[in-house]
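Beneath this line is the structure, given in structure tokens, with notes to follow.
The values are calculated or read from the model by the stated rules, or taken from the named source; none is laboratory data. Note that this is a predicted model, so its numbers are computed, not measured. Here Cβ is always computed from backbone atoms with ideal geometry, including for glycine, and neighbour counts include all displayed protein chains. Please note that ligands, DNA and RNA were not included when accessible areas were found on the heavy atoms of the full protein model with its side chains. Shrake-Rupley method; radii C 1.70, N 1.55, O 1.52, S 1.80 Å.
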Amino acid sequence: MDPTATLRGEPGIRAAYAAYGAELYGFAVRSLGDPGLAEEAVQETFLRAWRHSERFDPEVASLRTWLFAICRHVVVDLARRRAARPLVADAVAPEAASADDVDRALTAWQVEEALRRIGEDHRRVLIEVYYRARPYAEVAAELGVPVGTVKSRVYYGLRALRLALEEMGVEG
Amino acid sequence: MSEGCRPFREQLGPLALGHLPDPEVASVRAHVDGCADCREELRALEEAAGALALVDPELLDEPLAPPRGLGDRIVSLVREERLLEQRRRRRRLTGLLAAAVLAGALAAVTLGIAHDPGVRVLLEPQRGGLEAIPARLVERPWGTEVRLEASGLPAGRYVVWLREPDDDRVPAGSFDAVADAGEVVLASALAIDGAVGIGVSEADGTTVLYGHLRD
Ligand SMILES: [Zn+2]
């Protein structure tokens with residue numbers, strides 16, 4: 001979307017939601033563990049963005065970065081509020097998520113999102129050899145490619161991941 | 001990347017993940033130690049490899065689409081908040097101006113200070129021989145301003161009121177219909193939100209026109 005589009009108007013809010021709503025929602029679900037609360041977090045994020053749209057400066061940070069910063073605050077607020085009054089009496093009261101927990105969830109979510117952005121072939125080999133710890137030869141046989149190709153996909157997959165994280169503004 | 005790097009480059013991926021068999025590690029390390037390009041490349045790959053550790057792979061396949069309609073809800077929340085903001089601003093302005101002309105409350109009514117178009121409603125005839133007439137209700141700090149087009153009414157005196165949900169009537173004033181009366185401006189203490197309808201009665205209390213506002 002046009003980074004200079006004003007958030008002050010409805011079209012601006014609509015465009016910002018279309019571009020980043022799903023990612024913000026994903027982060028909110030991961031960090032709050034509750035789809036209902038996550039929805040509230042996303043709503044509140046866009047409302048705050050709209051109220052303070054004059055503070056958005058594309059020279060300082062991308063719209064995405066700015067929205068995530070707002071959402072992070074909202075999530076911390078919601079997590080504190082929820083910890084203060086558990087909804088169900090006999091449910092295990094959720095641990096109060098600290099700002100550090102939320103930051104960890106935010107970074108993890110960005111990596112998850114970055115993994116979704118890289119090519120399917122690259123993601124596939126990273127999942128097999130890294131997360132599932134499978135031998136390269138086995139993965140190569142399964143995919144019907146030489147072992148060298150699996151190695152090279154690991155290499156290009158990591159490069160692409162690194163690039164995607166950089167684009168998202170995630171510090172290395 | 002120099003030609004000498006080529007055989008080692010793609011080994012750097014598995015190396016960054018700690019997957020390279022020992023015999024290969026030695027030769028790749030030997031090259032990397034003497035090659036600034038590959039050292040930098042390996043550092044970047046190791047950073048990406050470190051990031052992988054933060055993710056729970058089980059979650060990768062879990063779709064996380066926001067509920068349908070969330071975007072629309074956000075836009076309508078923004079719209080609502082903007083309306084509230086505008087109303088607050090208008091109230092402040094109207095309040096200030098109304099205070100300035102407090103000497104005659106009616107003066108404030110007739111000034112039509114803020115440009116609030118108000119709520120339009122058609123008053124339907126409740127007996128024969130009458131035509132529907134348009135009215136406009138405008139929210140004011142002191143209640144509701146009522147404007148109606150009286151030109152089409154038969155000559156006579158009329159009483160205007162706003163109806164509350166419990167059927168009580170809150171007066172908005174009276175007027176004499178004369179030829180070419182034009183627009184009549186009246187005032188009722190009832191807030192517009194509290195009115196479910198607006199009626200016009202003849203002097204004897206018979207309702208002759210009525211406009212429905214809400215259930
Ligand atoms: Zn090299």
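Dipole size in debye (nearest 20) for the range B:6-65 around its Cα centre, Lys and Arg Cβ +1, Asp and Glu Cβ -1? Don't skip to the answer; put the middle values down first.
Details: 5 positive and 13 negative charges, 78 e Å.
Roughly 380 debye for the range B:6-65.
So what's the range B:119-212 giving for Cα Rg divided by 2.2 N^0.38 Å, two decimals? It would help to have the intermediate numbers written out before the result.
Values: Rg = 12.1 Å, N = 94, 2.2 N^0.38 = 12.4 Å.
Against the compact-globule rule of thumb, the ratio is 0.98.
Each part reduced to its alpha carbon centroid, the range A:96-148 and the range B:53-99 end up 34 Å apart. In order along the range B:77-91, phi translates into HN-Hα couplings of 4, 4, 4, 4, 5, 5, 4, 4, 4, 4, 5, 4, 5, 5, 4 Hz, rounded to whole numbers, per the Karplus curve 6.51 cos²θ - 1.76 cosθ + 1.60 with θ = phi - 60° and x for Gly and Pro.
What the phi angles of the range B:14-30 give under the Karplus curve with 6.51, -1.76 and 1.60, with θ = phi - 60°, is a coupling list of x, 4, 4, 8, x, 9, 7, x, 3, x, 6, 3, 4, 6, 5, 4, 4 Hz, glycine and proline written as x.
Can you sort B:ARG73, A:ARG162, B:ARG120 by 1.4 Å-probe accessible area, starting with the largest? All intermediate terms of the calculation are to be shown ahead of the outcome.
Working: B:ARG73 90, A:ARG162 50, B:ARG120 170 Å².
The residues order as B:ARG120, B:ARG73, A:ARG162, largest area first.
Please state the charge dipole magnitude for the protein assembly as shown, taken about the Cα centre, from unit charges on C-beta atoms (+1 on K and R, -1 on D and E), reported in debye and rounded to the nearest 20.
Values: 47 positive and 61 negative charges, 144 e Å.
Around 700 debye, computed over the protein assembly as shown.
How charged is the neighbourhood of B:LEU59? Take every other residue with its Cβ under 12 Å from the Cβ of B:LEU59, and add Lys/Arg as +1 and Asp/Glu as -1. With Lys, Arg at +1 and Asp, Glu at -1, the neighbours total -4.
In chain A, taking the dipole from charged Cβ atoms about the Cα centre, the farthest positive-side position among A:VAL125, A:ALA69, A:ALA114 is held by A:VAL125. Helix A:99-117 and the longest principal axis of the C-alpha atoms of chain A enclose an angle of approximately 50°.
Sorted largest first by accessible area at a 1.4 angstrom probe radius, with every protein chain in place, the residues B:ASP215, B:ASP167 fall in the order B:ASP215, B:ASP167. The sum of -39500 (n - 2.57) across all DSSP H runs of n ≥ 4, divided by the residue count of chain A, sets its helix-only mean residue ellipticity at 222 nm to -22500 deg cm²/dmol. The heavy atoms of B:VAL185 present about 40 square angstrom of accessible area, all protein chains included, probe 1.4 Å. What's the FRET efficiency of A:THR65 with B:LEU93 using the Cβ-Cβ distance as r and R₀ = 41 Å, to the nearest 0.05? About 0.60, to the nearest 0.05. Size of the range A:18-172 from its Cα atoms: along the principal axes, largest to smallest, the extents are 55, 48, 25 Å.
Applying Stokes-Einstein at 4 °C and 1.567 mPa s to the Kirkwood radius of chain B, computed over alpha-carbon pairs, gives a translational diffusion coefficient of 54 µm² s⁻¹.
Accessible surface for A:TYR156 stands near 100 Å², nearest 10, in the context of the full protein assembly shown (1.4 Å probe). Gyration tensor over the Cα atoms of the protein assembly as shown: the corresponding equivalent ellipsoid has semi-axes (square roots of 5 times the eigenvalues, largest first) of 71, 20, 18 Å.
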